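Just below is one structure, and these are the notes that go with it.
Just so it is clear, none of the values below were taken in a lab; they were calculated from the coordinates. Computed from a predicted model, the values in this text were never measured in an experiment. Here Cβ is always computed from backbone atoms with ideal geometry, including for glycine, and neighbour counts include all displayed protein chains.
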Amino acid sequence: MATQLSAAGDGGATTDEDEMEEEAAAEYDDELDEESCHGLRCDAVTHLSLAELPAALAECLATLPAPTAEEITMGHLCPPAERDSLLTRAILVMVAVENLRDANTLLSSYATDIESREPAELTKSYMNKQDKIAPAHVVFNAMLLRVCEKDAKTGPLYSWMLRSFNHELSRMYKPDLVKSYTTKIGRVYFDIQPPPSMMNMMENMMSMMGGGAGAGGAGGINPAMMQAAMNAAAGGGVLIF
């Protein structure tokens, strides 16, 4: 017994607790590595968006896996699917810097070549929350582009869209930065002025990375607003994509 204790004290043996600590440390390192990689991909997507390279963005997104069942469940606790969230980040950045051309190009490529789910199925699910499926990012982005192509009178519709999609936006990487993108979009396209404190924060974020804006909130599906959003999307020449 004394020999065993001495060996353990000298590092000659490991206990179950030691092994558990090592496993926990390894798992923590893996999580940090995964988060770090996602952060780098978010930065890359932002830079490609600002560089006006929608084709390169589509190629990058095509290499990522499709969403899992957990990631598209209504009220999911995990972050959104990486492919979906990077698409939304890219679209928000482009729209915030008033580059609707490349935003439409990217969304069209994504819907045609990358998104495997049927547009009609995604649109129906977006309107019917009884299916317990989270709102699809590709549908939100399509409605966003169509609304931004209208006039400032659609500002209330834009605000409602953000509230109904807030669960997804708030779980994306650096949600405050995402909020700054949507705030700038509201200001540029719909003359929605944020509070002075938010404006200062937004301008500081934008000055550090060269473009962006944000807004958000909580809210459920309002049938009238939902129909208005779909009508706005239809007015763009295609229902959603």
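The stretch between K153 and K129 holds 5.9 nm of extra length on full extension. This uses 0.36 nm per residue minus the Cα-Cα distance. Between region 132-169 and region 74-90, the C-alpha centres lie 15 angstrom from each other. Using a ≥ b ≥ c from the Cα gyration tensor of region 86-161 (square roots of the eigenvalues), is it rounded, prolate or oblate, where a/c under 1.5 gives rounded and otherwise the larger of a/b and b/c decides, a/b for prolate? Cα axes put region 86-161 in the oblate bin. For region 47-104, the equivalent ellipsoid derived from the Cα gyration tensor has semi-axes of 24, 13, 7 Å, listed largest first.
Net length available on complete extension from C78 to H38 is 13.0 nm, with 0.36 nm assigned per residue and the Cα-Cα distance removed. Annotation: peptides 129-140, 113-124, ranked by per-residue average of other Cβ atoms within 10 Å with the highest first, follow the order 129-140, 113-124. For the pair Q193 and A62, a Förster radius of 41 Å applied to the C-beta separation gives a FRET efficiency near 0.60, rounded to the nearest 0.05. Oblate is the label for region 89-131, because a/c, from the alpha-carbon gyration tensor with a ≥ b ≥ c as root eigenvalues, is 1.5 or above and a/b does not exceed b/c.
Take the Cα of R101, step 7 Å along the line toward its Cβ, and report every residue of region 52-76 whose backbone nitrogen sits under 11 Å from that point. Nothing falls inside the zone, counting backbone N under 11 Å. Among 72-78, 82-88, 178-184, the peptide with the highest mean count of other Cβ atoms within 10 Å heads the list, and the full ranking is 178-184, 82-88, 72-78. Taking θ as phi - 60° and the Karplus parameters 6.51, -1.76 and 1.60, the scalar couplings of region 120-125 work out to 5, 5, 5, 5, 4, 5 Hz in sequence order, x denoting glycine and proline.
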